[in-house]
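In what follows, a single structure is set out as structure tokens and then discussed.
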Amino acid sequence: MPTPNPDALQFLLSRRSRPAKTLSVPTPTRDELMPILTAAARSPDHGKLEPWRFIVLERAALRRLGEVAGARGQSLGRNEADIAKGRQQFDDGQLAVAVIEVQTPSEKIPPIEQTYSAGAVCLALLNAALASGWGANWLSGWPAHDRGFAETALGLATHERVAGFIHIGTETASPPERPRPDLAQITQWVSE
Ligand SMILES: Cc1cc2nc3c(=O)[nH]c(=O)nc-3n(C[C@H](O)[C@H](O)[C@H](O)COP(=O)(O)O)c2cc1C
């Protein structure tokens, strides 16, 4: 017989992100963040390659990233609105964890599976933060996909990229539930 964990299931059935712009102080201390990072690192990983790592961005670091995003947006010729949107999460954020996908050469594990694993780490981190009582939100934005930003702001190597910025803080407003997928539309049952 299976052994249910109703509290865990209830969490998964009701979890939802809290928009980054509604997150405030306090943010988790380094000690409080450790179990959250530990839970995130306990994620499926084909071949035990550990194709990810964390960069914890505290407030001053986020402000620096905002400046880099602004300069990078200018040099790319992006328009002002685009630049402002790209840097907002850094200008306004209090604490974020950048989940970095670290592609590892492997004869057995294709790159796409390492990408999937990094995505799984992002969700695990998000959920662990939410389960710890924090508000949290997974963001990307154009800087997350820009090589120049990755190298200048975060010092990433060529085999690394940003899987996500997970913002964590204190919830100031409870967001309404959003529409969820219609299971009948996305589920196919195959019996034979
Ligand atoms: C890879 C990825 C990148 C995202 N980037 C952004 C973003 O840059 N800006 C944004 O407003 N939402 C972004 N989102 C969506 C937010 O995370 C949103 O809060 C989330 O989909 C809400 O889902 P939930 O209510 O099930 O937690 C992104 C989601 C994913 C999976």
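Read-outs throughout are calculated quantities, based only on the coordinates presented, and are distinct from any laboratory measurement. All figures in this text were calculated on a predicted structure; none of them were measured in a lab. Ideal geometry is used to build each Cβ from the backbone, glycine not excepted, and the neighbour counts take in all protein chains shown.
Numbers for the structure displayed
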quantity	calculated
Simple spin-label estimate for residue 158 and residue 85 in nanometres, 7 Å along Cα-Cβ	3.1
Span-rule helices in the chain, defined as complete DSSP H runs reaching 18 Å or more along the axis (Cα) with Kyte mean at least -0.5	59-75, 111-131
Where Rh is the Kirkwood radius over Cα pairs, Rg/Rh for the stretch 121-184	1.08
Additional length obtainable on full extension of the chain from residue 1 to residue 104, 0.36 nm per residue less Cα span	33.2 nm
Per principal axis, descending, Cα span of the stretch 1-66 in whole Å	53, 33, 21
Inter-label distance for residue 75 and residue 48, nm, one decimal - labels placed 7 Å from Cα along Cα-to-Cβ	4.1
³J(HN,Hα) computed for each position of the stretch 177-186 - Karplus, 6.51 cos²θ - 1.76 cosθ + 1.60, integer Hz, glycine/proline x	5, 9, x, 10, x, 7, 4, 5, 7, 10
Shape box of the stretch 46-112 [Cα atoms, principal axes, largest first, Å]	45, 27, 13
q = 0.09, 0.14, 0.17, 0.24 Å⁻¹, the stretch 51-163: log10 I(q)/I(0) [Debye, one scatterer per Cα]	-0.25, -0.60, -0.85, -1.35
Principal axis box of the chain, alpha-carbon based, largest edge first, Å	59, 47, 38
The chain - percent relative contact order, Cα under 8 Å, separation 6 or more	32
